[in-house]
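Have a look at the structure below before the remarks.
The values are calculated or read from the model by the stated rules, or taken from the named source; none is laboratory data. Here the structure is a predicted model, which means the values were calculated and not measured. All Cβ positions, glycine included, derive from the backbone under ideal geometry; neighbour counts span all protein chains shown. Side chains included, ligands, DNA and RNA excluded: accessible areas come from the protein's heavy atoms. Shrake-Rupley method; radii C 1.70, N 1.55, O 1.52, S 1.80 Å.
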Amino acid sequence: VAIEDKARRKGISVEKARKVAAKYVTEIAADYSYNAIVMAETLVGWFWNRIYNGIKVKNFEDLQHHALGHEVIYVPCHRSHLDYVLISYLIHEHGSTPPHIAAGLNLNLPVVGSLLRRCGAFFLRRSFRSQKLYAAVFYEYLSVIQTQGVSLEYFIEGTRSRTGRMLPPKGGMLAMSVRSYLNAPVRPIVFQPVYIGYEQLVEGDSYTTELSGKTKRGERLSDLGKIFGIARHNYGEAHVSLCEPIYLDDLLEQQDPDWQETIRKEAKRPVWFNAAIETLGQKIMTNINAGADVNPVNLLVLALLGTPRHAMGEKQLAHQIDLYQTLLSHRPTPERVSITDKNPQEVISYGFEMKILQRQPHSLGDIISLKPERAVRLTFFRNNVAHLVALPSLVACCFLEHRNFLVSHLHKFAIIIHPFLEAELFIPWNLREIKGALDESIEQLVQQGLLIRKKDGE
């Protein structure tokens, strides 16, 4: 139908329109090769050992259990170009088949594009708008590989985050995956959110210039030469965590308990489809944030970027880091969140090792500060975990102008601001949970001596 429509609109023959569709298939399709995967594993393993002190993985032991009898769709946050390679490498290392990965057409460079295709990449354009035939071909390709039981991976943020905060989810790929399943429910689908955290970014310099207003430069083949420069630097540790999975059947049943019957009777898209996609996208992002890792760099920049000159006395900084670790180690922090096991002094020492701190000797105690040239770039790592300190920060803000505050007033304020926190930070507490989570956060602040609870409940 799409081919005939293309022929009619462009005034060309159906055969010519079919050739255009075939050209789109060639542009899109992966050329998966297990031999290429094995070769890439050797190269990637060498590369990781050169640039990282280690890769911390969490919950990968559950992967086989979640995948049993299901079509797996990996949906990671997107922080770096290395995300693509890192996830496939770890999935293969843990005994599963690396997924087919949706990659931007900007990565389909000479030589590189061919290698990526053999490692499972398939390419898509930035926008399908006003490209009905291309959209139809891409959807059919996605449906075919999905119904064949091939695991998939795509980034629903659409692009890499330059700020460290997750971007609003785009529903295009999710909608196509769900539509394909509804049209041919061969195997149930499980969406596997993945958290990826770094202590340093290979793209750090480019992110800083882009945030200052410089136009993003497109990828070039010559960029491959940068790999040798990257390999000479230490980027700390990387962290990858499989977050709580989302079973599509369960989500559809929440929208419509009789969804299978509805799909069978109605040929058109069900009325709840858009709401289901929106709910799915929000849940993926929330689950990713609920599986975050708090590394030493996160703790250092949380403390220092909140000061006027990005500096603290060493003892004060150690105390502040200890406070963050204590608060984040207890509820309402989600159970899947992991925190560095380094003590505060070790965290500070690690900051010097990573070359993000500088020391100014003082007779009353050394002053520790962020290196000025690194401060803007380091906001990225504060933003990675900002959602985890949203509630104690909310409470603290209320006491900036008032010495006393009714708990009931704090509850009302939290309910009012919740939609904004949910939309901007993807906090892991829904509206029903926010009051309880706030109470737990208040209790932690009381236990740390930062708040005093009066007997009358104030």
Using the Karplus curve 6.51 cos²θ - 1.76 cosθ + 1.60 with θ = phi - 60°, work out ³J(HN,Hα) for each residue of the stretch 376-384 in order, rounded to whole Hz, and write x for Gly and Pro. 5, 4, 6, 4, 4, 7, 5, 5, 4
Amide H contacts under 5 Å for residue 77, placed H, 5+ residues apart: 194, 196
Give me the percent of the accessible area of the stretch 355-457 that comes from carbon and sulfur atoms, probe 1.4 Å, all protein chains in place. 57
Could you go through the stretch 276-285 in sequence order and give the Karplus-derived ³J(HN,Hα) for each residue, using 6.51 cos²θ - 1.76 cosθ + 1.60 with θ = phi - 60°, rounded to whole Hz, and x for Gly and Pro? 5, 5, 5, 5, 4, x, 5, 5, 4, 5
Residue-wise, which Karplus ³J(HN,Hα) couplings in Hz belong to the stretch 52-63, taking 6.51 cos²θ - 1.76 cosθ + 1.60, θ = phi - 60°, and x for glycine or proline? 10, 6, x, 10, 8, 10, 9, 6, 5, 5, 8, 4
First compute the accessible area of the stretch 27-132 with a 1.4 Å probe, then give the percent of it belonging to carbon and sulfur atoms. 58
Signed unit charges on C-beta, dipole axis of the chain, positive-most listed residue 112, 316, 291: 112
Degrees between helix 132-147 axis and first principal axis of the chain (Cα, 0 to 90, nearest 10): 80
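Just the accessible area per residue of the chain, please: how many Å² with a 1.4 Å probe?
Details: 23060 Å² over 458 residues.
That works out to 50 Å² for each residue.
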Using alpha carbons only, how many degrees (0 to 90, rounded to 10) separate the axis of helix 407-425 from the longest principal axis of the chain? 40
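Which percent of the accessible heavy-atom area of the stretch 151-196 goes to carbon and sulfur, probe 1.4 angstrom?
For the stretch 151-196, the apolar C and S fraction of the accessible surface comes to 57 percent.
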With angles folded into 0 to 90 degrees, how steeply does helix 82-93 sit against the dominant principal axis of the chain? Use alpha carbons for both and round to 10. 80
For residue 35, project a label point 7 Å along Cα to C-beta. Then give me every residue of the stretch 108-131 with its amide nitrogen under 19 Å of that point. 111-121
Rounded to the nearest angstrom and ordered from largest down, what semi-axes does the equivalent ellipsoid of the stretch 1-59 get from its C-alpha gyration tensor (root of 5λ)? 46, 13, 9
At 7 Å along the Cα-to-beta-carbon direction for both residue 363 and residue 326, put a label point, then send me their distance in nm to one decimal. 3.2
Residue 323 accessible area, 1.4 Å probe, all protein chains in place, Å² to nearest 10: 20
